[in-house]
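Written below as structure tokens is the structure these notes are about.
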Amino acid sequence: MLSPDPKTKSFVNRELLFKLLIPVFVVVVLLSVAEFVTHKLRPDLGWRLLADTYLGWISEEYLSFDPMSRPDSDTLQLLFLGDSFLAGAGISDLDQRFPLQAGAQLPRVRVQILATGGWGTDQQMLAYLAKGADWLPDFVFLCFCCNNDLSNNLSNSHGTSNMMKPYFALTAEGTLELYDPTGQPLDLHRHVPDTATRHFHSYLLDYVRFRLSRMKEQPPPVYPEVDPRYQLFLRERERSEELYRLQDLLTWSPQDGVNHVSAYIHEPFPINTYQWDLFAALLKQLHNETEKQGAQLVVVLIPVTYNPRNPLFIVGSSLEHEFQTPTGSFTFRAAEPRERLQEICQRQGIPLFDPSFDFRKIVEEDQLARQCWPDLEDRHFSEVGHRVVADLFAAYLRNNFSKFSEQFTEPDTEQLSGQVSDKDTDLVSSPAARSH
């Protein structure tokens with residue numbers, strides 16, 4: 001019996017291997033192209049939420065932050081606490097966020113952002129205790145978003161079944177108590193954070209997970225030991241279009257629930273009053289925590305809009321409208337969050353950066369509304385909005401804190417109107433800037 005020719009066997013094996021490698025190579029190329037296209041079309045997927053038992057959910061930026069990475073001693077450390085506005089929603093380049101733009105105007109400062117979409121003041125304070133305090137910041141800036149911070153505080157979930165979070169409740173004496181998502185008490189200073197590690201990140205896999213989660217999305221579970229008020233924040237129940245049209249009669253009653261309208265309601269309804277009292281208590285607690293570390297706490301009012309289609313809805317404007325609802329009436333006041341925040345900060349002795357008036361003036365005089373909100377369904381402003389806030393914020397720091405005025409070497413400008421460059425306008429009009 002003749003033995004097979006070794007050369008023939010080797011040739012057959014190489015031919016078979018080649019045939020097997022072709023489809024593998026094609027699949028790898030297609031996946032690589034899909035990954036690249038998904039990355040370009042959906043950069044927001046890179047800022048996805050990761051489950052965290054301490055905070056409920058976190059961003060990758062928060063996860064990767066090392067509080068031990070401190071700069072030189074002569075550098076001022078500026079820590080910003082926020083939600084989706086600071087996490088990157090509405091923009092395609094994270095370097096365009098206003099804290100980073102303002103920091104670039106101030107020499108010898110280092111900016112760190114601890115922010116995640118959907119965070120409330122409660123999670124921002126917990127993030128400060130978990131990582132921010134160890135970074136030993138000189139200034140801590142709590143960025144307040146009146147569209148949803150009050151509502152996020154009065155909630156034990158993100159609105160989906162797999163994103164639950166701890167929550168703070170007010171006692172009859174006005175003190176804070178911390179509970180886990182099921183209503184079990186927690187000790188604020190003994191609640192040890194997770195030590196999560198960074199893992200592989202694929203935009204394509206993120207997109208697949210996102211689509212699957214949307215298909216199976218359902219309301220969060222109801223826990224009998226949790227205060228019912230903390231289980232009311234379900235976004236799908238809101239009918240914002242009715243408020244956009246300023247129609248007199250609504251089909252729902254915002255004043256009876258926890259929603260994106262809460263901060264704009266003028267009348268002292270019980271649940272609305274509780275939300276403001278809870279925020280004030282959280283702010284007081286954060287003030288105490290920052291003072292322990294020798295840091296200066298400053299509250300920042302983000303000049304958001306409830307309705308991106310109408311500049312009259314920008315916080316602080318003169319818009320005031322009374323709505324009739326199935327359970328009574330309430331007054332929507334665009335200036336309500338601004339005035340409430342001013343009163344709380346003044347009472348607690350906390351500096352407040354309130355750019356709402358100048359921001360509205362610049363947006364109206366320079367006709368920047370469409371550029372600030374190119375996506376009329378997205379309440380987050382674009383890179384142009386961040387640029388305006390950054391200029392106002394840098395001027396505020398130089399004018400109110402000697403540490404910044406001493407470092408500043410260029411002439412200050414009082415008129416910030418018109419500082420948005422053609423480059424900014426081109427950037428926001430591009431499809432990439434509207435991708436989120």
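Read-outs throughout are calculated quantities, based only on the coordinates presented, and are distinct from any laboratory measurement. What you see is a predicted model, and the numbers here were worked out from it, not measured in a lab. Don't worry about glycine lacking a Cβ; one is built from the backbone with ideal geometry, like all the others, and counts go over all protein chains shown.
According to the Cα gyration tensor, what semi-axes, each the square root of 5 times an eigenvalue, does the equivalent ellipsoid of region 62-171 have, listed from largest to smallest in whole Å? Its equivalent ellipsoid spans semi-axes of 26, 16, 12 Å.
Between Asp66 and Phe357, the C-beta separation translates, for a Förster distance of 45 Å, into a calculated FRET efficiency of about 0.70. At q = 0.12, 0.19, 0.23, 0.27 Å⁻¹ the log10 of I(q)/I(0) for region 263-327 amounts to -0.50, -0.95, -1.08, -1.17, computed by Debye summation with a single uniform scatterer per C-alpha, solvent ignored.
With the crude spin-label approximation of a point 7 Å out along Cα→Cβ, what separation in nm comes out for Val28 versus Gln342? Inter-label distance under the simple model: 6.4 nm.
Per residue, the convex hull spanned by the Cα atoms of region 215-279 amounts to 120 cubic angstrom.
This ranking places Glu61, Glu320 by how few other beta-carbon atoms lie within 10 Å of each, fewest first, which gives Glu320, Glu61.
Fewest neighbouring Cβ atoms within 10 Å first, the residues Trp57, Trp119, Trp373 line up as Trp57, Trp373, Trp119.
Once the Cα-Cα distance is subtracted from the 0.36 nm per residue extended length, the Thr75 to Ser402 segment shows a gain of 116.3 nm.
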